[in-house]
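**Student:** Just dropping this structure here.
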Amino acid sequence: MLLQGWTAPRLCALLLAATGLLASGSDFQHHRYDDMVRALFAVQNQCPYITRIYSIGRSVEGRHLYVLEFSGNPGVHEALEPEFKYVGNMHGNEVLGRELLIKFSQFLCEEYQARNQRITRLIHDTRIHILPSMNPDGYEVAARQGPELNGYLVGRGNAREIDLNRNFPDLNALMYYYEKTNGRNHHLPLPDNWELQVEPETLAVIKWMQNYNFVLSANLHGGAVVANYPFDKSRDSRTRGRTMYATTPDDKIFRKLARTYSYAHGWMHKGWNCGDFFNEGITNGASWYSLSKGKKNLSSSCDSSVL
């Protein structure tokens, strides 16, 4: 992994700093799709030399999946420069990640302009890609319902009511098979005709991951207050996975990153959150509950279960 030692913990901590600004009510508003697009382009116009906006594809209803990139050299992959991605709003009715990433983008731009040395170094030495909404169609469904009438599942899936966090190819099962047969544990092949088996939003994200050399990711959800890290799926298919810890080869670094985020939060690390207890405010995905076909690279969140 080419991730520089100082980079990942600071990316987690800086996201928490942006969280504090959002929580304080600093110019806060919810962003419908057009508002979100305007907010992203406003950041790009404010900081044109360190940002770039690009689309990785379109949703079922044709909305662009816009990404805002921060870099000292936007649009260019530089050797040994780690690339990091944030994804929000995978479940359309979970709005925290979407708003947090918009605020995070504004925070990076403003602090760079203020010549904050920490932010300047981060942007010059790291390429950061921010996708505030993976599921803009679901968000619009939920937003039209309003806060009073909105049920738990309204807007959770995309326009076809497909849960995008259950829509990725199941590479865990393939890897677990290879473990038993001494096969490969990296660069696993995607299933035949996989492009026909996933939703447009999922397809766009997978193609995005194939086209960029991401070394670390965070996927922000709304729900339990916990930093959740891989693997998601239990190795034992006979259990529902609530107590079956599924380690990755990078388990130590994942736990370190999750703790970095948790302890940077005001109280996540204390464990008791929203009726659940997570020791140190972190959890292995499969130890929490087993999830198949999900997208959980690195998970860390504030007021969100990161899946």
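**Student:** Only one of these is among the charged types (D, E, K, R), farther than 28 Å from Leu80 by Cβ and buried (at least 19 other Cβ atoms within 10 Å of the Cβ): Glu199, Glu179. Name it.
**Tutor:** Glu199
**Student:** Right, another one. Condition first: assigned to a loop (DSSP other than H, G, I, E, B), more than 28 Å from Leu196 (Cβ to Cβ), out of contact with any strand residue (DSSP E or B) (no Cβ under 7 Å at 6 or more places or on another chain) and in contact (Cβ under 8 Å) with a residue 60 or more places away in the chain. Now tell me which residues in the stretch 78-107 satisfy that.
**Tutor:** Scanning the stretch 78-107 gives Leu80, Val95.
**Student:** Okay, next question. Failed condition for Val60, given (1) of a type in the set (A, V, I, L, M, F, W, C); (2) assigned to a strand (DSSP E or B); (3) surrounded by fewer than 23 Cβ atoms within 10 Å (Cβ to Cβ); (4) touching a residue at least 24 places away in the same chain (Cβ under 8 Å), with all others met?
**Tutor:** (2)
**Student:** Asn228: surrounded by 17 or more Cβ atoms within 10 Å (Cβ to Cβ) and part of a helix (DSSP H, G or I), yes or no?
**Tutor:** Here the answer is no, as Asn228 does not meet what is asked.
**Student:** All but one of (1) closer than 30 Å to Gly138 by Cα; (2) small (Gly, Ala, Ser); (3) modelled with pLDDT of 90 or more hold for Ser234, so report the exception by its number.
**Tutor:** (3)
**Student:** Here's a follow-up. For Glu111, all conditions in the list (1) surrounded by fewer than 18 Cβ atoms within 10 Å (Cβ to Cβ); (2) part of a helix (DSSP H, G or I); (3) at pLDDT 95 or above; (4) in contact with a Lys or Arg (Cβ under 9 Å, 6 or more places away or on another chain) hold save one; what is the number of the exception?
**Tutor:** It is condition (1) that Glu111 fails.
**Student:** If you go through the stretch 32-74, how many residues are closer than 18 Å to Ile206 by Cα and touching a Leu at 6+ places or on another chain (Cβ under 8 Å)?
**Tutor:** 9
**Student:** Any idea which of (1) of a type outside the set (A, V, I, L, M); (2) surrounded by 19 or more Cβ atoms within 10 Å (Cβ to Cβ); (3) modelled with pLDDT under 95; (4) in contact with a Leu (Cβ under 8 Å, 6 or more places away or on another chain) is the one Asn158 doesn't satisfy?
**Tutor:** Every condition holds for Asn158 apart from (3).
**Student:** Identify, by number, the condition in (1) in contact with an Asp or Glu (Cβ under 6 Å, 6 or more places away or on another chain); (2) modelled with pLDDT under 90; (3) within 26 Å of Ser71 (Cβ to Cβ) that Gly222 doesn't meet.
**Tutor:** Every listed condition holds for Gly222 apart from (3).
**Student:** For Asn172, all conditions in the list (1) buried (at least 16 other Cβ atoms within 10 Å of the Cβ); (2) modelled with pLDDT under 90; (3) at positive phi hold save one; what is the number of the exception?
**Tutor:** (3)
**Student:** Restricting to the stretch 180-200, and then to whatever is without any contact (Cβ under 8 Å) to a residue 40 or more places away in the chain and not in a loop (DSSP other than H, G, I, E, B), can you tell me which residue is farthest from Asn219 (Cα to Cα)?
**Tutor:** Thr181
**Student:** Please give the number of the condition Ala142 fails out of (1) within 30 Å of Tyr112 (Cα to Cα); (2) under 21 Å from the mean Cα position of the chain (by Cα); (3) not in a loop (DSSP other than H, G, I, E, B).
**Tutor:** Every listed condition holds for Ala142 apart from (1).
The values are calculated or read from the model by the stated rules, or taken from the named source; none is laboratory data. In this text the structure is predicted, and so the values were computed from the model without any measurement. Please note: Cβ atoms are built from the backbone with ideal geometry, for glycine as well, and neighbour counts cover all protein chains shown.
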